[in-house]
Amino acid sequence: RQSLKIGLVPADGIGREVIPAARTAIEALGSDIPKPQFIDLLAGFELFTKTGTALPEETIAALRECDCALFGAVSSPSKRVTGYSSPIVALRKELDLYANIRPVVSVAANPSGKPSVDLVVVRENTECLYVKQETIIATENGREARATRLITERASRRIGRMAFELALTRPRKEPGKFDDVTIAEQLVDSAVYRLFREPEIYDIMVAPNLYGDIISDAAAALVGSLGLVPSINAGDNFVMGEPVHGSAPDIAGKEIANPIASIRSAALMLRRLGYIQGADRIDNAVDEVVRQGTVLTPDLGGKSKTHEVVDAIIKRI
Ligand code: NAD
Ligand code: MN
């Protein structure tokens with residue numbers, strides 16, 4: 001590749017503060033990656049309130065021309081708003097990004113120490129309750145809400161395959177054949193219980209869409225903050241980085257959003273595309289800043305602003 005065309009969709013709330021941070025980190029890599037070309041794209045609830053569209057056709061079309069993308073976060077209203085549906089849910093389907101891969105890793109205080117949490121949540125990204133077949137009907141006993149929860153064999157197979165492929169690359173690597181990977185089935189409630197009591201037993205957790213979302217937010221609490229946990233939405237032909245957190249309206253505009261989840265999402269995206277050295281440089285810089293502990297945002301007990309954390313990371317990249 002001569003250049004790397006990267007779509008940027010900050011969308012709502014702190015998405016607009018952390019996506020520029022990820023961009024800066026990518027720019028800092030210099031010749032470790034093909035020259036990045038950033039394409040700014042619109043989506044989100046705020047866009048919907050202004051224009052009546054949450055995901056413009058142009059955004060989808062432009063993303064199809066990109067090599068990869070970064071998505072910030074969307075605000076979803078808690079009450080149904082006529083005509084609105086989540087652009088991220090739509091994009092995952094539109095681009096067939098059927099896996100949401102979410103590594104949750106604690107940074108050990110001692111650089112040579114082992115992280116106590118080092119797992120990857122592999123969340124199915126297209127089905128479950130997110131198929132948006134929802135109705136409210138009036139019955140004799142009052143209103144009744146119904147939603148379809150869809151689980152197909154096809155989607156289950158491909159998410160399973162993605163998890164197996166990932167298993168073969170993990171530190172606790174299995175011998176190299178899918179047959180050698182150990183599988184343990186577990187119910188979601190006790191899985192979360194065990195996750196909190198003995199997080200070190202988990203390596204990869206594969207789950208349907210909704211459970212995968214809940215498990216990864218829970219795991220984020222174990223490593224200190226949602227502001228640390230990155231993800232990629234991955235399909236067979238495209239990858240889109242996205243922090244696990246939402247638009248965080250409680251802190252939006254205060255310049256204190258933790259940019260690390262977003263910056264690590266950029267690293268994950270680059271890693272998936274094969275730019276290992278660039279990805280490593282970003283991750284190592286983030287590790288150092290977290291380990292040092294002097295420049296951190298308030299979610300991690302620090303006093304620093306978003307841009308100060310970004311600066312500290314860039315300096316180390
Ligand atoms: P949230 O993830 O936005 O925030 C949860 C808590 O974590 C808040 O206290 C927030 O301040 C904190 N937090 C999150 N990210 C942080 C960061 N980078 N730095 C510091 N603190 C951070 O979840 P929520 O409050 O339940 O949802 C807010 C909105 O985001 C809702 O409209 C929801 O629908 C939406 N949401 C979107 C996505 C997405 O775009 N994929 C995911 C989750 C929630
Ligand atoms: Mn979530």
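What follows is calculated from the coordinates using simple rules that are stated; it is not laboratory data. Given the structure is predicted, the values throughout are model-derived calculations rather than measurements. All Cβ positions, even for glycine, are placed from backbone atoms using ideal geometry, and neighbour counts span all protein chains on display.
Taking a straight line from the alpha carbon of residue 177, these aspartates and glutamates sit under 15 Å away, with near neighbours fewer than eight places off in the same chain left out: 165.
Ordering 68, 82, 10 by Cα displacement along the dipole of the range 1-105 toward the positive end leaves 82 in first place; charges were set at the Cβ atoms of Lys, Arg (+1) and Asp, Glu (-1). Bridgeable lysines around residue 114 (alpha carbons under 18 Å apart, same-chain partners fewer than 8 residues away excluded): 173. Placing unit charges on each Cβ (+1 for Lys and Arg, -1 for Asp and Glu) gives the range 171-317 a dipole about its Cα centre, and among 199, 246, 218 the Cα reaching farthest toward its positive end belongs to 246. Each principal axis of the Cα cloud of the range 175-235 was taken in turn, and the coordinate range along them, longest first, works out to 35, 30, 21 Å. Charge dipole (Cα centre; +1 on Lys/Arg Cβ, -1 on Asp/Glu Cβ; no other charges) of the range 112-208 amounts to roughly 240 debye. Largest GNM mean-square fluctuation across 79, 305, 114, computed for the chain with C-alpha springs under 10 Å, falls on 79. Amide H contacts for residue 206 (H built 1.01 Å from N in the peptide plane; partners 5 or more residues away or on another chain; cut-off under 5 Å): 122.
Cross-link partners of residue 35 among lysines, defined as those whose alpha carbon lies under 19 angstrom from its own and excluding same-chain residues fewer than eight positions apart: 5.
Packing-based ranking of 11-21, 130-140, 149-159, 47-57 yields 11-21, 47-57, 149-159, 130-140, ordered from highest to lowest mean Cβ neighbour count within 10 Å.
Taking a sphere under 15 Å around the Cβ of residue 196 and counting the other residues whose Cβ falls inside, with K and R at +1 and D and E at -1, yields a net charge of -2.
Max-minus-min Cα coordinates of the range 50-101 on each principal axis give 34, 26, 17 Å, with the largest extent listed first.
Percent of Cα-Cα pairs more than 26 Å apart in the chain, please. Summing the P(r) of the chain above 26 Å gives 47 percent of all pairs.
From the square roots a ≥ b ≥ c of the eigenvalues of the alpha-carbon gyration tensor of the range 115-163, which class results: rounded (a/c under 1.5), prolate (a/b over b/c), or oblate? Cα axes put the range 115-163 in the oblate bin.
For the peptides 197-204, 308-315, the ranking by mean Cβ contacts within 10 Å, running from highest to lowest, is 308-315, 197-204. Taking Cα centre as origin and charging only the Cβ of basic (Lys, Arg, +1) and acidic (Asp, Glu, -1) residues, the dipole magnitude of the chain rounds to 180 debye.
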